[in-house]
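Structure first, commentary second.
The values are calculated or read from the model by the stated rules, or taken from the named source; none is laboratory data. None of these values were measured; they are calculated from a predicted model. As a convention, Cβ positions derive from the backbone with ideal geometry for all residues, glycine included, and neighbour counts pool all protein chains shown.
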Amino acid sequence: MAVLPAKPLKTHHAALKVTDFDKSLNFYTEGLGMKLLKTWGEGDSRAAMIDIGDGTCIEMFAGGIKGELSQDKAGSFIHFAFDVEDPDGWYDRALSCGAVSKSAPADLLVETSADPLDVRIAFVYGPDGEVLEFFHSKR
């Protein structure tokens, strides 16, 4: 077995393809307050790197084709979760800048193989139907 590098993995970015680049860019930066780091390309080749606030980024690409999203397709990501202190506040903020509710804030106790996972979560659909979760672990 290969020797693992000394530094552990950490998330750099998740990539998102969108149909309306300007609308989505505005939603994530102006609406949710994320920081635009870089943009490049033109037209359907436009792209942006957006810092969500902790160094993790969303890399957004133009040129998406409107269609039905499938969360059942193997290899598909189901949602993008943000670790927040106030899921209710972030849910309301997202709705105020154009998101659509998927699931209102709720408490959830998930029985696991170790200690139960005690969380408060809320879900919204972003501008292209992408599912965003606002997640807070109570422990």
When residues of region 57-106 are filtered for being at pLDDT 95 or above, part of a loop (DSSP other than H, G, I, E, B) and farther than 15 Å from PHE134 by Cβ, how many remain?
1
Restricted to region 17-36, and to residues that are surrounded by 13 or more Cβ atoms within 10 Å (Cβ to Cβ) and assigned to a strand (DSSP E or B), which residue is modelled with the lowest pLDDT?
LYS17
If GLU130 satisfies all but one of (1) crowded, with 16+ Cβ neighbours inside 10 Å; (2) out of contact with any Pro (no Cβ under 7 Å at 6 or more places or on another chain); (3) modelled with pLDDT of 95 or more, what's the number of the condition it fails?
(3)
From (1) more than 16 Å from the chain's Cα centre (by Cα); (2) over 19 Å from LYS102 (Cβ atoms); (3) among the charged types (D, E, K, R), pick out the condition that doesn't hold for LYS66.
(2)
Boolean, ALA6 is without any contact (Cβ under 8 Å) to a residue 60 or more places away in the chain and within 24 Å of SER76 (Cα to Cα):
no
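With surrounded by 14 or more Cβ atoms within 10 Å (Cβ to Cβ) and of a type in the set (S, T, N, Q) as the only criterion, which of THR56, THR112 stands out?
So the residue among THR56, THR112 that is surrounded by 14 or more Cβ atoms within 10 Å (Cβ to Cβ) and of a type in the set (S, T, N, Q) is THR56.
Across region 30-50, what is the number of residues that are over 13 Å from GLY126 (Cβ atoms) and within 16 Å of the chain's Cα centre (by Cα)? Working first, answer last.
Step one: list which residues in region 30-50 are over 13 Å from GLY126 (Cβ atoms), which gives 30, 33, 35-49.
With the extra rule that they be within 16 Å of the chain's Cα centre (by Cα), the set shrinks to 30, 33, 35-36, 48-49.
Counting residues in region 30-50 that are over 13 Å from GLY126 (Cβ atoms) and within 16 Å of the chain's Cα centre (by Cα) gives 6.
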Name the single residue, out of those in region 98-109 being in contact with a helix residue (DSSP H, G or I) (Cβ under 9 Å, 6 or more places away or on another chain) and surrounded by 15 or more Cβ atoms within 10 Å (Cβ to Cβ), that is farthest from PHE27 (Cα to Cα).
PRO105
Would you say THR39 is assigned to a strand (DSSP E or B), surrounded by 13 or more Cβ atoms within 10 Å (Cβ to Cβ) and polar (S, T, N, Q)?
yes
Answer residue from region 73-97, given it is within 15 Å of the chain's Cα centre (by Cα) and of a type in the set (Gly, Ala, Ser) and is surrounded by the most Cβ atoms within 10 Å (Cβ to Cβ) among those
ALA94
Sole miss for ALA14 among (1) closer than 17 Å to PHE134 by Cβ; (2) modelled with pLDDT of 95 or more; (3) not in a loop (DSSP other than H, G, I, E, B) is condition (2)
